[in-house]
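Visitor: Starting off with a structure, shown below.
The values are calculated or read from the model by the stated rules, or taken from the named source; none is laboratory data. Everything numeric in this text was worked out from a predicted model, so none of it was measured. Using ideal geometry, Cβ is built from the backbone for each residue, glycine included, and neighbour counts are taken over all protein chains shown. Side chains included, ligands, DNA and RNA excluded: accessible areas come from the protein's heavy atoms. Shrake-Rupley method; radii C 1.70, N 1.55, O 1.52, S 1.80 Å.
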Amino acid sequence: MSVDLSTSIAGVKLPNLFFNASGVWCQQEAELTELLNSESGSLITKSATFEPREGNPSPRYLPLEHGSINSMGLPNEGYEYYLEYAKKYDYNNAKPLFISLSGLKLEDNIQMVTKFVEADLPCILEVNFSCPNVPGKPQLGYDMEGMAKALRTLAPIIKKPFGIKLPPYFDIVHFDQVAEICNSVDNLAFVTCVNSVGNGLAIDFETETVAIKPKDGFGGLGGQMILNTALANVNAFARRLKNGKQVIGVGGVTSGKEAFLHVLAGASAVQIGTQLKEEGPQFFARVKKELEDIMVAKGYKSLDDFRGKVKTL
Ligand code: SIN
């Protein structure tokens, strides 16, 4: 039996559901080329700020026993670099291109999305409301009024379907509030859940020292340890979003099994962060094969057969 891993996001077809989480393997063109040459179904660029940024001091990423911690601080080449990349991207390629934007203030996001709109490209924008690692800049996703204002401002400029990257939420009331905001924006086509679990702290038992340098060691947690938080957020938004709005799942996928669970929870596509960083782009071939094997074993032919169909007791 052959199985179909294809999906559509914001009306655009992806040959399979997997791509990188913004921030991993996507800051420079050489890395993006490696993603293109991999078995990913798409690719997204590093969250761009208006100006290029060095990011936070190193060490700023460390794999942990059950995941990772990072406080990268949005190192990126500046939005013009990614706009030029998007202009020369071959859209006949089967892989659609997603562009992540993370302005440090609303005015920056307005200017960046305006430039992309003026360029009139088929790439899909994912606006990042959830970087936990820029000192002095709280995550917009935790400021309901600020997020609603940003969406009300940006959506009419973007006009086309677009998405936002959300932080993890931990309270049912917050799921309700954020979903209501999202449902009020017609051309918001998807939410990506979740960014890293912000401001964790890893301490080495032997050296009695924190794991990373920025922010006295505080950083975003990713990988296996956040799987259940990610699944909860995917499912919470899949249940609440209306009018065909979709969820892209990210968090804790180390094999086809966790990818299966993300789809079961309601994900329409799955992004890979920590495991891609650790294993490299060849991970996409492995995770695809593992998910295909699971689907064959369970008798599912397409993602639609089980998407969002998690059973409750
Ligand atoms: C970073 O660059 O600090 C990570 C980006 C993010 O978490 O949005």
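Visitor: So, residue 97, is that one modelled with pLDDT of 95 or more and surrounded by fewer than 20 Cβ atoms within 10 Å (Cβ to Cβ) or not?
Guide: For residue 97, the condition - modelled with pLDDT of 95 or more and surrounded by fewer than 20 Cβ atoms within 10 Å (Cβ to Cβ) - is not met.
Visitor: Now for a different question. If only one of 138, 168, 161 is open to solvent by 30 Å² or more (accessible area, probe 1.4 Å) and within 16 Å of the ligand (Cβ to nearest atom), which one is it?
Guide: Only one candidate qualifies: 138.
Visitor: Could I ask something else about it? Got at least one residue in segment 108-129 being open to solvent by 20 Å² or more (accessible area, probe 1.4 Å) and within 16 Å of the chain's Cα centre (by Cα)?
Guide: No, every residue in segment 108-129 fails to be open to solvent by 20 Å² or more (accessible area, probe 1.4 Å) and within 16 Å of the chain's Cα centre (by Cα).
Visitor: If I ask for residues that are touching a helix residue (DSSP H, G or I) at 6+ places or on another chain (Cβ under 9 Å) and away from the ligand (no atom under 16 Å from the Cβ), which ones from segment 73-88 would you list?
Guide: 80, 83, 85, 86, 87
Visitor: Select from segment 62-85 the residues that are of a type outside the set (A, V, I, L, M) and within 14 Å of residue 225 (Cα to Cα) and write down the one among them that is most open to solvent (accessible area, probe 1.4 Å).
Guide: This residue is 65.
Visitor: Now a separate question. State whether the residues of segment 42-53 include one that is open to solvent by 50 Å² or more (accessible area, probe 1.4 Å), in contact with a Leu (Cβ under 6 Å, 6 or more places away or on another chain) and either of a type outside the set (Asp, Glu) or farther than 24 Å from residue 196 by Cα (or both).
Guide: Going through segment 42-53, the residues open to solvent by 50 Å² or more (accessible area, probe 1.4 Å) turn out to be 50-53.
Narrowing the set further to residues that are in contact with a Leu (Cβ under 6 Å, 6 or more places away or on another chain) leaves 53.
Narrowing further to those that are either of a type outside the set (Asp, Glu) or farther than 24 Å from residue 196 by Cα (or both): 53.
There is at least one residue in segment 42-53 that is open to solvent by 50 Å² or more (accessible area, probe 1.4 Å), in contact with a Leu (Cβ under 6 Å, 6 or more places away or on another chain) and either of a type outside the set (Asp, Glu) or farther than 24 Å from residue 196 by Cα (or both).
Visitor: Report yes if some residue within segment 206-218 is at negative phi and within 14 Å of the chain's Cα centre (by Cα); otherwise report no.
Guide: no
Visitor: How many residues does segment 177-231 hold that are more than 24 Å from residue 148 (Cβ to Cβ), free of Cβ contacts under 8 Å to residues at least 40 places away in the same chain and out of contact with any strand residue (DSSP E or B) (no Cβ under 6 Å at 6 or more places or on another chain)?
Guide: Of the residues in segment 177-231, 10 are more than 24 Å from residue 148 (Cβ to Cβ), free of Cβ contacts under 8 Å to residues at least 40 places away in the same chain and out of contact with any strand residue (DSSP E or B) (no Cβ under 6 Å at 6 or more places or on another chain).
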